[in-house]
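Have a look at the structure below, then the notes.
The values are calculated or read from the model by the stated rules, or taken from the named source; none is laboratory data. Note that the coordinates shown come from a computational prediction; the quantities given were computed from them, not determined experimentally. Don't worry about glycine lacking a Cβ; one is built from the backbone with ideal geometry, like all the others, and counts go over all protein chains shown.
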Amino acid sequence: MSRWIEKTVTQGLVILACLIAFWAPPALAQAQKDAQDQSANPTGQEAEKPAGAAVERPLISTGLDSDAIARIWPDSSIWLEPPEEEPVLALFEPESETPAKGALVILADEGQSPASGLAAALRQPMARAGWAVMVVGLETPPYELQEARRQRDFGSPEDAGMPETDAADETSEKSVDDESVMIDVMASEDVEALASQYRARIQKALAAAVGNLVGRGYSRVAMAGVGRAAGHVTHAATASGGQDVSALVWIAPVFDQSDSKALAESLGESGALKVLELYSARSSLDAGGATQRSPKQREAAFRRAGIAGYSRQPVAMAEQPQPREAQALTNRVSAWLASER
């Protein structure tokens, strides 16, 4: 019996030795190769590609997960069809009281979908206040536009009511180096074309939203924009001379330099369009930044331009309002809209 056991153990050892001999060379070669690669590229980064090779660029998505939102809110989802553009998702909430006081298009802040942020939180409270509400998301601009905006904001300050000579003195302090850094982004025709396409796509979506509400029988349509959406809704409301949109609401607005400077002219051309600006009571009323006018400065500019339809109200909210503040804002918006009938 002991000889049989000894023979079995010996055979097992032989088989094990054969397996080790078979697998060891490839494993050793792979280990040596990995060691050579690590020594050649100690940082762990990819080796440089030969000249002329295609460069892979990271994909930056600006989507708003519209398909997923439509599955979650099937009864509220409306697919708008702007001309020559992809369908745009909007969330619609009919008025809870009849007859309706009117309809309100709310454009979400930049990068937010119709189901997120303050705009989404306003949908049901405004409907309970007697307004039909359609919320549209605002996609994030392409990276090139974000970079151009960053460079522009770093540049010369906005003429927030100061004399032109003072503004010129401020801009003259910028060095030539600063201008050369900005020129690659700001003076690019490709970036300008991209910006025009981005704005046009949003304007078409807003026009489709207003048209959808008018088609539902709402004779009075107002628009509201949160944060950076304020500039877009202003363009949409003034594009037709204020005929399709009766009132504008800016909630904690943030305007691009070009939009901010052109506000007085745009509102003046729109005729009797009424505008309400709601801003945080925690912010300083006089504190305009390098690229942003304060509400008080905006009001002064509008008065100089003879615009009488603008009013502003401080609200006890964060400078960037949160969804929890939707009810307080609803009270202000619905009361103001009712007074402007």
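Summary of computed values
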| item | result |
| --- | --- |
| The listed residue being among the polar types (S, T, N, Q) and without any contact (Cβ under 8 Å) to a residue 24 or more places away in the chain, out of SER294, SER283, SER258 | SER258 |
| Top-ranked residue of the stretch 262-293 - restricted to ones that are under 19 Å from PRO321 (Cβ atoms) and at pLDDT 90 or above, ranked as surrounded by the most Cβ atoms within 10 Å (Cβ to Cβ) | LEU278 |
| Residue in the stretch 39-58 that is out of contact with any Asp or Glu (no Cβ under 7 Å at 6 or more places or on another chain), at pLDDT 95 or above, more than 23 Å from ARG201 (Cα to Cα) and surrounded by 10 or more Cβ atoms within 10 Å (Cβ to Cβ) present | no |
| Filter result for the condition that a residue is basic (Lys, Arg), out of contact with any helix residue (DSSP H, G or I) (no Cβ under 7 Å at 6 or more places or on another chain) and buried (at least 17 other Cβ atoms within 10 Å of the Cβ), over ARG201, ARG228 | ARG228 |
| Of all residues making up the stretch 205-226, the number that are closer than 26 Å to ARG152 by Cα and either in a helix (DSSP H, G or I) or touching a His at 6+ places or on another chain (Cβ under 8 Å) (or both) | 1 |
| Breaking point among (1) among the charged types (D, E, K, R); (2) crowded, with 17+ Cβ neighbours inside 10 Å; (3) within 30 Å of GLU97 (Cβ to Cβ), for ASP259 | (3) |
| Total residues in the stretch 87-110, condition modelled with pLDDT of 95 or more and farther than 18 Å from THR330 by Cβ | 5 |
| Where a residue in the stretch 132-149 is buried (at least 24 other Cβ atoms within 10 Å of the Cβ) and its partner, wherever it lies, is in a loop (DSSP other than H, G, I, E, B), with Cβ under 6 Å and at least six apart | VAL135/PRO114; VAL136/PRO114; GLY137/LEU64; GLY137/SER113; GLY137/PRO114 |
| Some residue of the stretch 297-316 being touching a residue at least 60 places away in the same chain (Cβ under 8 Å) and within 24 Å of the chain's Cα centre (by Cα) | no |
| Selection from the stretch 225-263 of residues that are among the hydroxyl-bearing types (Ser, Thr, Tyr) and over 17 Å from LEU276 (Cα atoms) | SER240, SER258 |
| Selected residue (only one of LEU64, LEU107, LEU122, LEU118 is within 15 Å of the chain's Cα centre (by Cα), hydrophobic (A, V, I, L, M, F, W, C) and in a helix (DSSP H, G or I)) | LEU118 |
